[in-house]
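What follows is a single structure, written as structure tokens, with notes after it.
Bear in mind these aren't lab numbers, they're just calculated from the coordinates by the rules spelled out. The structure presented is a predicted model; accordingly, all values stated were derived computationally and were not measured. Neighbour counts run over all protein chains shown; Cβ positions are idealised from the backbone, glycine included.
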Amino acid sequence: MAKKKKEVLNLDNVLFKCRDILRNARNSGSFFEKRDLMLTLVFLRFIGEKFEDGVEALRENLKQQGLDPDNSEIQKAFFDDPSFTDGTYNLPKEARWSTIINTPATKLNAALDTALKSISESSNQLKGCIVNGTFTARNLGSADIKKVVDEVDKISHKKFGEEKDLIGRVYEYFLKEFAVNATKEEGEFYTPHDAVQLIAAMIEPFDGTLYDPCCGSGGMFIQSTDLVRAKTGDISRINVYGQEKEAATWRLAKMNLALRGISHNLGTMSDSSFTNDLHRGMYFDYIMANPPFNLKGWWDDNLLRDARWTDYAVPPASNANYAWILHILHHIKPLSGVAGFLLSNGALADSDARAIRQKLIENDKVEAIIILPRELFITTDISVTLWILNQNKRGGEYHGRSLRNRSGEILFMDLRSWRENAVKGEGKKKVMLSTQQIERAAKIYHRWQEMGTVGFDYACPEFYRSVDRTEIADNDYSLVPSNYIEFIDHDLEIDYPTEMARIQQEMKELLARERKSQEKLAAAFEGIGYGIE
């Protein structure tokens with residue numbers, strides 16, 4: 001009897017099983033309800049695992065001090081109501097994952113809601129981000145909810161690593177698998193890890209305030225603070241602010257940030273950054289964002305005289321691309337703020353927004369335009385561009401680097417050819433930027449900024465080029481990189497006489513081989529004929 005093939009445990013396999021269980025279950029609800037149910041379960045799993053890790057660390061610490069963690073008096077003093085210094089939540093017994101996973105199937109829905117309620121009541125940061133009755137209102141069958149909980153039990157940072165935003169990865173998976181159309185209509189795109197790394201490597205948000213006006217599940221913050229931790233070892237040096245329109249996603253972001261011990265201000269509610277700017281009057285050191293691409297239906301007549309576009313022009317109502325640009329510009333510190341954000345390529349030469357683009361260039365707000373490879377995102381294959389705005393292109397010290405005066409210059413970079421790193425196991429094409437590629441792109445940008453570089457001579461054909469704004473004005477204020485980066489006609493490099501001689505020789509050899517094959521075939525048939533006679 002053949003041995004049963006051992007199942008390879010990976011995140012996608014677990015989530016695929018959860019998806020199938022919910023698709024076939026009664027009362028599982030809409031795509032958004034399935035997604036939110038799954039993400040809430042994953043949150044409970046992660047916060048429970050972090051609590052268990054905290055208890056284990058506390059036990060080890062007590063042992064090092066010569067104390068017995070199993071002693072009843074020690075248990076009472078340290079474990080009945082434990083406290084942690086790393087942001088770990090002290091969970092009441094009913095909210096611990098060990099309690100949930102051992103609850104009988106018939107009582108699971110109620111137990112899960114009890115866990116959520118107790119967490120919400122015990123944490124100021126999590127107030128308002130947990131919906132009462134999430135599981136009892138949905139009331140999945142006992143067998144179905146038990147199957148899903150058992151699958152979620154397999155999701156662990158010990159197995160899948162802490163280096164990435166796992167809740168965000170689950171979020172991304174359900175966007176992709178449950179509703180392709182919903183992602184396009186709602187504009188919900190989870191930003192890939194490598195895209196966040198690229199933005200952070202460029203603008204270096206290592207201290208001060210960081211803002212995202214469309215923060216989604218908080219993945220941009222999670223990944224940025226991971227990079228800050230790796231760089232400086234101290235995430236308390238960065239304070240994050242954000243806003244999110246979708247209520248369920250806003251709640252998820254608060255869960256996600258609280259889980260990672262990241263101090264945050266996402267406002268007191270979910271709402272649109274355009275119609276109700278929850279951080280009005282605030283200015284930030286850094287802004288990182290991945291706004292919904294070509295967002296429709298954002299306009300409100302009350303925005304006609306909004307202060308954010310007073311010095312420019314009212315952005316087109318047809319899509320929100322330039323509204324995002326002006327909103328971001330409005331919120332970066334006037335003398336020193338830096339922003340890196342993604343937009344669809346259409347914004348580079350949108351005729352409806354030409355006047356705004358011209359003013360941005362004339363006011364010297366645009367520092368770099370970096371066109372990225374297609375298929376970086378799982379949820380869309382749209383081609384995107386990284387924009388960098390900088391309120392200080394005049395030079396000075398920045399994170400230990402001496403910067404030159406770059407007034408009137410914009411760096412264009414074209415990374416579309418960096419598509420060799422295909423991601424395996426996806427249902428459609430997906431590529432990623434390697435750490436080496438990200439470091440290379442950032443080095444090109446930083447070298448261009450630094451003292452000693454001559455801007456008008458900083459170029460590499462088909463890759464990057466520093467361009468003066470007078471040339472951009474001559475190109476009708478288009479920011480399409482191919483208008484400025486030199487293209488080499490590789491046909492001109494061909495030695496045509498030599499190439500034609502090579503082709504003719506190959507054709508001769510091919511014809512000779514074909515002639516020999518035909519002769520052998522004819523001889524074979526002739527031999528068969530003689531045999532029959």
The base-10 log of I(q)/I(0) that the Debye equation returns for the range 180-465 at q = 0.13 Å⁻¹, one scatterer per C-alpha, is -0.90
Per the Kirkwood formula over distinct C-alpha pairs, the hydrodynamic radius of the range 11-162 in angstrom is 16.6 Å
With x for Gly and Pro, the residue-by-residue ³J(HN,Hα) of the range 474-481, computed from phi through the Karplus equation 6.51 cos²θ - 1.76 cosθ + 1.60 at θ = phi - 60° and given in whole Hz, is 5, 9, 6, 6, 6, 10, 6, x
Please work out the ratio of the alpha-carbon Rg of the range 254-335 to 2.2 N^0.38 Å and round it to two decimals.
1.19
Cα extents of the range 241-281 along the three principal axes, largest first (Å):
29, 22, 11
Coarse-grained scattering of the range 341-391 at q = 0.28 Å⁻¹, given as base-10 log I(q)/I(0) from a Debye sum over alpha-carbon atoms
-1.10
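Based on a Kirkwood Rh over C-alpha pairs, give the Stokes-Einstein translational diffusion coefficient of the range 306-414 at 20 °C and viscosity 1.002 mPa s in µm²/s.
Numbers: Rh = 14.9 Å.
Value of D from the Cα-based Kirkwood radius: 144 µm²/s.
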Förster radius 45 Å - calculated FRET efficiency between ARG374 and LYS127 (Cβ-Cβ, nearest 0.05):
0.60
By how many nm would the segment from MET451 to THR470 lengthen if fully extended, with 0.36 nm per residue of separation less the alpha-carbon distance?
4.6 nm
Which net charge results for the neighbourhood of GLY340, defined as the other residues with beta-carbon distances under 12 angstrom from its beta-carbon, given Lys and Arg at +1 and Asp and Glu at -1?
-3
Can you tell me how much longer the chain between VAL480 and ASP150 gets when fully stretched, taken as 0.36 nm per residue apart minus their C-alpha distance, in nm with one decimal?
113.8 nm
Which distance in nm do the two modelled labels at SER351 and ASN421 give, with both placed 7 Å along the Cα-to-Cβ direction?
3.8 nm
Give the calculated FRET efficiency between ALA512 and GLN436 to the nearest 0.05, with a Förster radius of 41 Å applied to their Cβ-Cβ distance.
0.30
Considering only DSSP beta bridges with both partners in the range 180-465, what is the antiparallel share in %, to the nearest 5?
55 percent
Give the peptides 57-68, 466-477, 273-284, 341-352 in descending order of average Cβ contacts within 10 Å, highest first.
341-352, 273-284, 466-477, 57-68
